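Bear in mind that the values in this text are calculations on the coordinates, not laboratory data. Just so it is clear, the structure is predicted and the values come from calculations on it, not from any experiment.
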């Protein structure tokens, strides 16, 4: 009898209000090597509700990685990052800032708020998909992440 080890899919929360960037991220993750579940929220308020399992997100999973845009409606990514990294239950979830901003002050601010990585979104379609694949490859095949510390 042969047993096949079932690997738990990686849980990813994408916080992104641009439908085009959501589609490109989905495409990049589809072409990747790692089995994943992608959850998408469109603004900072929703992101925090998802992470805190509030309201319609009561049954949300704890993500293994957060892909966070900075320029979001309702509550911007900087505020979301501040709240995540100051919350004892959430601070260990790696946050990759994935944004169009190349501004030095945004980069410095994100790292000062304890972002784990800062990536500027490429404008080119193929490059965008390549960046998403690189994120997946780095964070899920090279880096060792804590799994399920609090479900």
What is the percent of Cα-Cα separations in the range 28-85 that go past 18 Å?
36
What fraction of the Cα pairs in the range 10-142, stated in percent, has a spacing above 17 angstrom?
55
